[in-house]
1. Within the set of pairs 6+ apart or on separate chains, which have a first residue in segment 419-430 that is aliphatic (A, V, I, L, M), a second that is open to solvent by 30 Å² or more (accessible area, probe 1.4 Å) and part of a helix (DSSP H, G or I), and C-beta atoms under 7 Å apart?
2. Assuming residue 692 fulfils every condition listed in (1) surrounded by fewer than 16 Cβ atoms within 10 Å (Cβ to Cβ); (2) assigned to a helix (DSSP H, G or I) apart from one, which condition is it?
3. Just one of the numbered conditions (1) more than 26 Å from residue 657 (Cα to Cα); (2) over 23 Å from the mean Cα position of the chain (by Cα) is not true of residue 501; which one?
4. Would you mind telling me which numbered condition in (1) open to solvent by less than 80 Å² (accessible area, probe 1.4 Å); (2) without any contact (Cβ under 8 Å) to a residue 60 or more places away in the chain residue 45 fails?
5. Could you check residue 489 against (1) closer than 24 Å to residue 337 by Cβ; (2) open to solvent by less than 20 Å² (accessible area, probe 1.4 Å); (3) touching a helix residue (DSSP H, G or I) at 6+ places or on another chain (Cβ under 8 Å); (4) not hydroxyl-bearing (Ser, Thr, Tyr) and say which number it fails?
6. Counting just the residues of segment 650-683 that are touching a Ser or Thr at 6+ places or on another chain (Cβ under 8 Å), assigned to a helix (DSSP H, G or I) and not aromatic (Phe, Trp, Tyr), which one comes out most open to solvent (accessible area, probe 1.4 Å)?
7. Taking segment 248-272 as the search range and keeping residues that are part of a helix (DSSP H, G or I) and free of Cβ contacts under 8 Å to residues at least 12 places away in the same chain, which one is most open to solvent (accessible area, probe 1.4 Å)?
8. Condition (residue is among the polar types (S, T, N, Q), over 37 Å from the mean Cα position of the chain (by Cα) and outside any helix (DSSP H, G or I)) applied to segment 567-585: is it met by at least one residue?
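The values are calculated or read from the model by the stated rules, or taken from the named source; none is laboratory data. Not measured: the values here are computed from a predicted model. Because the Cβ atoms are built from the backbone with ideal geometry, glycine has one as well, and the counts that use them run over all protein chains shown. Remember, those area values only see protein heavy atoms, side chains included, never the ligands or the DNA or RNA. Shrake-Rupley method; radii C 1.70, N 1.55, O 1.52, S 1.80 Å.
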Amino acid sequence: MHSKSKNKQESIEKKSDFINKNIIRDALKDSIKKLRFKTQLKNPVMFIVYIGSIITSVITLLSFLNFTNDDPIFTLMITVFLWFTVLFANFAEAIAEGRGKAQANSLRAAKKDVMAKRLNSPDKYAEFEMVASNNLKKGDIVLVVAEEQIPGDGDVIDGVASVDESAITGESAPVIRESGGDRCAVTGGTTVVSDYLIVKITAEAGESFLDKMIAMVEGSQRKKTPNEIALQTLLIALTSIFLVVTVTIYPYSLFAVNYNGIGTIVSVTSLIALLVCLAPTTIGALLSSIGIAGMSRLNVSNVLATSGRAIEAAGDVDVLLLDKTGTITFGNRQASEFIPLQGVDNEELADSAQLSSLADETPEGRSIVILAKKLYAIRGRYLGPLEAEFVPFSAKTRMSGVNTSKNEIRKGAASAIKEFVESKNGIYPKECDDIVSSISRQGGTPLVVCKDNRVLGVIHLKDILKSGVKEKFNDLRKMGIKTIMITGDNPLTAAAIAAEAGVDDFLAEATPEGKLELINEYQRKGHLVAMTGDGSNDAPALAQADVAVAMNTGTQAAKEAGNMVDLDSSPTKLIEIVKIGKQLLMTRGALTTFSIANDVAKYFAIIPPLFLGVYPQLNKLNIMNLSSPESAIMSAVIYNALIIIALIPLALKGVKYEELPASKLLKRNILIYGAGGLIAPFIAIKVIDILISFIM
């Protein structure tokens, strides 16, 4: 209990450690390094600012040397803040990358070369040779004993052991890994705590899960997503339009001054400042950092995304396939009541049920013992005088129980108990069938109890819903997301649980083929589908789903088929992933809206003062009443640089997310970021203009 609370506290501290001094220091260095020509070329919008900064730097130098008629102080101020604009954009990207690098460094600390025992055959006592972990190849078989680190990713082919995966997941409690089933996958860098494992290596050196995770969180393998590329294309188009407009202003200015005989020709420095202010530089500067920050938020939630496309798809998902067990219910059925047949005493049924379950170590068996104790104060007893011999459950008999010196007590499936009772010349009453049917209709599991050839009654085992799931599904419904419960239960039981949980639909008696067909059906209708899975039988459906979250405890096939891996192996994480995806899209949309709205305000700040000398009538458009053309241009450029820094926290943390329909979210964001983007520049530019007038 103590370790869990401690781990939770560490997780909270990790999330609250938004930006530390080391990240800022490294980001400042990287923002200088990113001034390289090739690096700037990757962001076309900011590349225009970069080229403009170089041109104004040359003009500033020439003006100080009296080679031009430009005002040296004015050109110097414009040049300085143009370079700040470029540096601030670099800083935004570098600080987002810095958070990823900090996470990668903690992962890299877990990844170290160790000596491994490579076996000649898959036998614990076979001969072995010591080999460095980085020299292991796919298909090699290694022996790992207690207190040794697992040298590479692989599947357990023999043994059962507790494994400490805290280096990867942050969870201090060890997990069980064993051969066969869905708990056979192990990750290099984790440590065997007890017993031993024989592991078949499934990844070459440098291609392990940890290597991929480090590369992803560092951003070295990050590729632009389709939405990001589309938005960048739009920004380039807008910038190109403004570039053409700005270029044509110079000859027009020359013509207007010569024709009217008054005013001054617009300088190249002023035109570059105009272009930078009108171009969507705010979102252009923050676009990359928004994507990196989205990936980082997933990593903080212990989810590794193999592509940015998966995160965006999570934001657009409108159908969720959720496993009943572990996601909607706790996965362990609990005894909720004892239902005796007519003429049978409640306490007799409870006593027999408890006695048959004393050796039953399953969660269901333990819950029967606890319920009998809770309802009738029937406690554990000394079994010596009873000469008790416990009968374990088997798939063949479908029942368990106890033989005493006096009686044979059994509990199990209705059909199995019926067969048992009739084999002892007893009568299986119709009343029992009615109770069994009633429990099944309610979504429960009936266990019939008998003593010798007499049926005593039925135990009602119930799937316990996780607290708050119904509210979560209501929130998802408000967002326009359809929830579908996947279960192996029969349709009657599935329908009852689905109604209680509040999901929109369910798939009963689910098979791998059934899941795949369901995903295909929704995708054919134009929906984006998300699902979770952990077994090899889930791999086809995971490969088909738009957002496929594989559990870290699952098989290698499942992890390779998915486009995300949940290190905590929590099926409910899918809901959180969808929220992070939607928050990413909302943040990008909100800052794009703010950036374009900004341009309108900056237009009124710069255009009127530029031509005021030639066309005095334009003074009517100088609604901010700025003190001079030079001050107006300078104020707009300074604001353009400072707003990037001001918005970095929002780009990294994301816009506040609420479970609302898309139409309401759109209206709210247009009101906040559209109206805010219009109003903020008017106020800020006017304040900067007053300060400049006061100083100069």
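1. Cβ pairs passing all conditions: none.
2. (1)
3. Of everything listed in (1) more than 26 Å from residue 657 (Cα to Cα); (2) over 23 Å from the mean Cα position of the chain (by Cα), residue 501 misses just condition (1).
4. Going through (1) open to solvent by less than 80 Å² (accessible area, probe 1.4 Å); (2) without any contact (Cβ under 8 Å) to a residue 60 or more places away in the chain one by one, residue 45 breaks only (2).
5. (2)
6. Going through the qualifying residues, I end up with 670.
7. Only one residue tops the list, namely 259.
8. no
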